[in-house]
1. Can you give me the distance in nm between label points at L115 and Q98, each placed 7 Å from the Cα along the Cα-to-Cβ direction?
2. Given the pairs K41/K77; K13/K109; K109/K378, which are separated by over 31 angstrom at their Cα positions?
3. Give me the net charge for the shell around Y271: Cβ to Cβ below 14 angstrom, other residues only, Lys and Arg +1, Asp and Glu -1.
4. Take R306 and K16, extend 7 Å from each Cα along the Cα→Cβ direction, and tell me the distance between the two endpoints in nm.
5. Give me the tail of P(r) for the chain as a percent: Cα-Cα pairs with distance above 32 Å.
6. Please give the net charge around P29, taking every other residue with its beta carbon less than 14 angstrom from that of P29, where Lys and Arg add +1 and Asp and Glu add -1.
7. Explain nothing, just the number: relative contact order of the chain, from Cα pairs under 8 Å at least 6 residues apart, as a whole percent.
8. Explain nothing, just the number: relative contact order of the stretch 172-329, from Cα pairs under 8 Å at least 6 residues apart, as a whole percent.
Amino acid sequence: VSVAKSAESAFRKLEKIVPDLILLDVMMPSMNGFQVCEKLKQNPKTQDIPVIFMTALTDDVDKVKGLSIGAVDYITKPIYPDEVLARIKVHLTLRHTQLQLINEIAERKQTERELQRALDELKRAQIQLVHNEKMLSLGQLVAGVAHEINNPVNFIHANLQHAERYVEDLLGVIALYKQHFPNPPKEIADRIGEIDLDYLEGDLVRILNSMSLGTSRICDIVLSLRNFSRHHEAEVKQADIHEGIDSTLTILQSNLHRSNSYPDIQIAKDYGALPLVECYVGQLNQVFMNLLSNAIEAINERDANRTVAEVVEDPSIIKISTAIQNDRLMIQIMDNGLGIPENLRSQIFNPFFTTKTVGKGTGMGLSISYRIITETHKGKLWCEPNLNQPGTQFFIEIPIS
């Protein structure tokens, strides 16, 4: 218990302590109990403290006023300690119960908010996880591999040119030896016959030429990998759309090639004359990857029910067309795969919607592609069935700038 002889003294104490309950005289010098109570209720620090007024039976007190400004009870003088203690106990119990309820409600609301946030985060994390795993991680891996391969391949490719020149010089020297010393000593003649020098001279040049062609091909593939990944390019920039499509096809080359007796999936390009287009290069490449991967899967699903002869007669093909129409870039990717049923066509861009079996698809590829085209690039993405033949065609339309 802390006692204050005046209102001023009470307010000074309240700056240091927060009591569980206040017994407040109504009649006091300088400031009466009602004024003190009103001031207590205006302060966020003290407004919830229960206040019990104490007044003499002879005092002309408006009890309704006291209760209306926030008091919880009145105790009349003369004081009976047992009554006072009983009332104090009741109001402390009520206050503690009130605080407990407030805390429980606050905790419950906080828990609900945290659960809702966790649910929202989980949904976003699922989308982001699929996005990152399917595309961003691929881009980073591709960029890393391309970077690691680039230096040694360039070193080999550059030095092969010197090696070819050196070999030509050595072969020239050998030719001079043959010309001036047509009959070498027996040991040298035996060694020449053992290694078949004439064949070695011709084959060595062919090997170097093959190595040069191989390293050139690797350099082209590395460049395609780097162009495809571009995960570090988050800003809008002018890009060659055909380069992005070709880089994606390079990544998918192994998917186009079929190791069984079925013919490889053919790619038919009908590229129009395109200017450089302002876009998010890496994200647009992700769209190409999703659409082309789906086309390959649809073709494989259809061919699983066809014989090799049927595939040879009606080849599996993906057609890619680009053009400019009314200041907008138009891209069409068409396949003669299994196709999308009409009743599912309106749902394919919904998150997590997939017609694939469990473990074979997340249903996020087309949803992410749709968001990249419509939200990021302010364009359109839609699909239609092929006319008079199986398969599906997807259309991309985005502003040139």
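1. 2.8
2. Among K41/K77; K13/K109; K109/K378, the Cα-Cα distance tops 31 Å for K13/K109; K109/K378.
3. -2
4. 9.2
5. Details: 50609 of 80200 pairs.
I get 63 percent for the Cα pairs in the chain exceeding 32 Å.
6. Around P29, the charge tally is -1.
7. Working: 458 pairs, mean separation 41.4, N = 401.
That works out to 10 percent.
8. Reported as a whole number, the value is 25 percent.
The values are calculated or read from the model by the stated rules, or taken from the named source; none is laboratory data. In this text, all values refer to a predicted model and were calculated from it rather than measured experimentally. Glycine also receives a Cβ, built like all others from the backbone with ideal geometry; neighbour counts cover every protein chain displayed. The protein model used for the area step is the full one, side chains on, heavy atoms only, and it has no ligands, DNA or RNA in it. Shrake-Rupley method; radii C 1.70, N 1.55, O 1.52, S 1.80 Å.
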